[in-house]
Amino acid sequence: NFSSELLVNGKKELCTIAMTLEPNENTLLSRSDELLSSTTEQNTFETTVPKLDPETISSLQEGILSALYNGKLGVPVINVKATLTDVSFSSPSPSPLLAFIAAEAALRNHFLENELQPLEPVMRVEIIVDEEYSSDVLSELTRSRRATIQEVRPLSASSSSSSTPTKSSLMIEAVVPLKNMLGYSAVLRSIARGNCSFVMEFFGYDKVASLFD
């Protein structure tokens, strides 16, 4: 529960609200090895409170979604379903601004009082490399880039779009934090003597690793 006051035309208006927060399962496409994969960062709002006028509901929703978007320390909070379970106003004709402020302040207060799990973007990476260099490539991925190797398979020259496939080419599929892919092209070419290529695309979000991991 959270209460907020606003001075309107010289009079104090009070709003008290209660809500629940839970994962927005409609936006979670898959979970694998605790990795969150989603094509959206959608937050949604619902209310179980009866007899609220549309303008008040809209103001409460905007306040909640604004707080989620701005998050903690300016970092958005994603994939959350917020359900308003109770709301009361001291005035029979509450100000829409008060509803917005109260809803936004309630979530900001929650963020200040609770630890949030930071997430980081991760990429799906596909690497084509000559088998001769594959061990070094795999070692560098897991050791230096916190990669999760998903698959390693032979790749025939006829099925490859790479400009340098050979009969011994391998396809390496991995999931890697985006920040760890900076400068990877030069490193990969150095390891594989240029006998390689790679592409990557956004995959989802994963928990930010501890500095001591």
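Values in this text are rule-based calculations from the coordinates and carry no lab data. Remember, predicted model here, so these are calculated numbers, not experimental data. All Cβ positions, glycine included, derive from the backbone under ideal geometry; neighbour counts span all protein chains shown.
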So if each residue of separation counts as 0.36 nm, and I subtract the Cα-Cα distance between Ala18 and Ser91, what length gain in nm does that give?
24.5 nm
Whole-Hz couplings from phi, Karplus 6.51/-1.76/1.60, listed for the range 127-140; x for Gly and Pro
10, 10, 8, 5, 4, 4, 9, 5, 4, 5, 5, 5, 4, 5
Within the range 164-207, what residues put their amide N at less than 17 Å from the label point 7 Å along the Cα-to-Cβ vector of Thr142?
171-177
So which lysines can Lys179 reach, going by Cα to Cα under 25 Å and dropping same-chain residues fewer than 8 places off?
Lys72, Lys207
Subtract the Cα-Cα distance of Glu173 and Leu112 from 0.36 nm times their separation in residues, and report this length gain in nm to one decimal.
18.0 nm
